[in-house]
Structure formats: C-alpha cells, structure tokens
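The values are calculated or read from the model by the stated rules, or taken from the named source; none is laboratory data. This structure is a prediction, so every number in the text was calculated from the model and none was measured. Here Cβ is always computed from backbone atoms with ideal geometry, including for glycine, and neighbour counts include all displayed protein chains.
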C-alpha cells in the first residue's frame with residue numbers, strides 16, 4: 001500500500017522498504033519512510049537507488065594477471081596470466097564468453113592490483129579490479145610437475161605433468177614424454193603445444209581485445225626449452241607476449257612481455273633458470289566523458305579508458 005507525500009509542491013508516493021511497488025518501472029520515484037529518503041528505481045541495476053546515494057554506472061574491464069615463469073634445463077614454458085573481460089562480444093580466456101555487466105558507484109574507490117610475472121618455475125601474481133580477480137599463470141616444470149594457474153605451465157618428461165588452466169581464464173600447458181624437448185605454456189586463447197619429435201612445444205596463443213581503442217593480443221604462453229646437443233628446436237612464444245624458449249646451452253629462456261601476462265620461455269640444456277613471466281594489466285572503460293580517476297586516462301570511440309600498468313586505485 002502506498003501513500004501520498006507532498007515535497008516541494010510535488011506529490012510523490014511513499015512506501016516502506018517492505019511495501020515497495022512489486023513491479024516498478026525505470027525511473028519510478030517515491031519516498032521510503034523506512035530510510036527517510038526519496039528513492040528511484042533503476043532498471044539497469046534492478047534496484048532502488050536513494051537520491052542521496054552514489055549513482056551507479058556500468059564499466060567494461062580487462063583484467064590480466066602476471067604470467068608464470070618457465071623452468072630451467074630444457075624447461076617447460078610458463079603459463080599466461082588469467083584473462084577476464086566483460087566487453088560485449090569479446091572473449092575471455094579459456095574460450096569463455098564475455099562476463100556480465102559490472103556497475104560501480106560514483107565516488108567509491110576500487111582497488112586495482114596489477115600482478116607481477118613469476119620467476120623460474122614460479123606462478124605469476126594475481127591481478128584484481130574490485131571483485132574481479134584473475135589468477136597468475138602457472139610456472140613451468142622440467143622433470144617435476146608444472147603448476148596450474150590462469151593458464152597452466154608446460155613441462156618436460158619424467159614424472160612431470162603439465163599445469164591446468166582455470167575455467168574462464170585460460171588453457172592448460174603442454175608436455176613431452178621425455179628427451180631433450182618440453183611443452184609450451186598454456187595461453188588465454190589456446191593450450192600450450194606438446195613437444196614432438198625434435199621440436200619443443202610452442203606457447204598457447206593469447207586473446208585480442210580492443211578495449212583501449214585498438215586491437216591488442218595479450219595472454220600468450222611461453223615456449224618450451226630444448227637441448228642443443230641433441231639437435232632439438234625450442235618452442236616459440238605464443239602470440240600475445242609469450243617468451244620464446246631457447247636451445248642454447250647454459251642459457252635462460254626469453255621473458256614474457258610486460259603488461260601482457262605472457263608466460264616465460266623455457267631455459268636451454270644445463271641452464272639454471274627459465275624466462276620470467278610478463279606482468280599483467282588492468283583496463284577500465286565506460287561510455288562518455290571522464291567520470292572516474294586512476295591509471296592513465298585516454299579516450300577513443302566515445303569511451304573513456306583508464307589503463308593501469310601498475311597497482312593503484314580506480315575512484316568512480
């Protein structure tokens with residue numbers, strides 16, 4: 001049941017929180033006598049919004065974690081950092097569709113964490129925007145198991161097993177049954193390739209996003225390392241920042257590219273370290289002129305874009 005309340009010569013309906021209209025329309029207004037404030041109904045958020053409250057608006061995001069470090073001594077490639085986005089029509093990691101719409105409230109500060117890349121056989125660090133967390137990429141293995149993560153690390157033979165990817169973030173790494181080759185690290189867009197014959201596995205491919213105004217591929221897995229004396233070939237890094245492996249003796253694989261979440265490339269025979277993973281990135285975008293602060297602010301195609309290449313705060 002509703003009652004009429006006169007405010008500044010305008011008559012608004014009133015209700016309690018318990019007796020709000022059962023089927024409200026967008027923009028419907030009234031006075032909530034439980035809270036003592038006027039409120040309106042937002043069909044965008046399917047909720048009642050107080051007139052004195054922060055106004056929510058939708059944002060698009062791309063959250064990529066740090067890539068995993070590759071293994072040493074014919075080591076498997078590092079897995080790419082977890083890849084999550086809600087840009088309509090885009091693809092998240094692991095072949096998943098774009099995630100649901102996300103709303104922020106004006107004046108509210110949201111934590112942004114940009115994950116760093118992992119060192120030799122170490123998983124990358126998570127990246128975070130508000131409640132959205134992407135997991136660091138798995139570290140590569142050699143005769144030991146690779147680790148799982150946003151995308152899984154690749155591994156060599158022996159008792160090693162490849163790392164798994166996380167649903168909605170990335171793919172598994174590759175493996176090899178033995179010898180002087182190894183598997184590539186998993187990417188956001190494809191699994192790391194298995195070693196075969198005399199060829200180590202290439203890193204899994206990344207995923208392209210145009211959230212910053214132009215198409216950029218990120219989240220590639222690292223290539224597997226190989227052994228030069230056996231005439232073997234190292235794996236290339238996956239497109240999107242994956243580092244290439246090496247087959248040179250006593251050498252370190254190539255690092256993943258910074259701010260792509262790319263996995264590191266596997267080290268060569270007798271090498272003591274694998275390539276490190278690339279750091280992640282967080283991008284927040286919304287339609288119209290600038291409303292928030294934080295990160296590097298640009299605009300493109302009617303959208304304002306906040307790019308974080310290091311940790312900080314997004315204030316809506």
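Determine whether region 25-43 contains at least one residue that is touching a helix residue (DSSP H, G or I) at 6+ places or on another chain (Cβ under 7 Å) and crowded, with 16+ Cβ neighbours inside 10 Å.
The answer is yes, given that some residue of region 25-43 is touching a helix residue (DSSP H, G or I) at 6+ places or on another chain (Cβ under 7 Å) and crowded, with 16+ Cβ neighbours inside 10 Å.
Please determine whether any residue of region 232-240 is in the same structural domain as residue 77 (by TED's automatic domain parsing), in a loop (DSSP other than H, G, I, E, B), in contact (Cβ under 8 Å) with a residue 12 or more places away in the chain and surrounded by fewer than 19 Cβ atoms within 10 Å (Cβ to Cβ).
No: region 232-240 contains no residue that is in the same structural domain as residue 77 (by TED's automatic domain parsing), in a loop (DSSP other than H, G, I, E, B), in contact (Cβ under 8 Å) with a residue 12 or more places away in the chain and surrounded by fewer than 19 Cβ atoms within 10 Å (Cβ to Cβ).
Given the residues 161, 167, which is the only one that is out of contact with any helix residue (DSSP H, G or I) (no Cβ under 9 Å at 6 or more places or on another chain), surrounded by fewer than 24 Cβ atoms within 10 Å (Cβ to Cβ) and modelled with pLDDT of 95 or more?
167
Hey, among the residues in region 177-188 that are in contact (Cβ under 8 Å) with a residue 60 or more places away in the chain and closer than 22 Å to residue 269 by Cα, which one's surrounded by the fewest Cβ atoms within 10 Å (Cβ to Cβ)?
Of everything passing the filter in region 177-188, 180 is surrounded by the fewest Cβ atoms within 10 Å (Cβ to Cβ).
State whether one or more residues within region 91-102 are within 18 Å of the chain's Cα centre (by Cα), surrounded by fewer than 20 Cβ atoms within 10 Å (Cβ to Cβ) and under 13 Å from residue 134 (Cα atoms).
Looking for residues that are within 18 Å of the chain's Cα centre (by Cα), surrounded by fewer than 20 Cβ atoms within 10 Å (Cβ to Cβ) and under 13 Å from residue 134 (Cα atoms), one finds at least one in region 91-102, hence yes.
Being in contact with a strand residue (DSSP E or B) (Cβ under 7 Å, 6 or more places away or on another chain), in a strand (DSSP E or B) and surrounded by fewer than 15 Cβ atoms within 10 Å (Cβ to Cβ) is the filter here, so list the residues in region 299-314 that pass it.
299, 313
crowded, with 24+ Cβ neighbours inside 10 Å, more than 22 Å from residue 312 (Cβ to Cβ) and in contact (Cβ under 8 Å) with a residue 12 or more places away in the chain, is that true of residue 270?
no
Just name the residue that is modelled with the lowest pLDDT out of those in region 44-64 that are farther than 20 Å from residue 100 by Cβ and out of contact with any helix residue (DSSP H, G or I) (no Cβ under 9 Å at 6 or more places or on another chain).
53
So, in region 276-298, how many residues would count as being in contact (Cβ under 8 Å) with a residue 12 or more places away in the chain and assigned to a strand (DSSP E or B)?
10
Out of 213, 238, 225, 253, report the one residue that is under 19 Å from residue 170 (Cβ atoms) and at pLDDT 95 or above.
Result of the check over 213, 238, 225, 253: 238.
Is it the case, given these coordinates, that residue 284 is farther than 20 Å from residue 71 by Cα, crowded, with 24+ Cβ neighbours inside 10 Å and in contact with a strand residue (DSSP E or B) (Cβ under 8 Å, 6 or more places away or on another chain)?
yes
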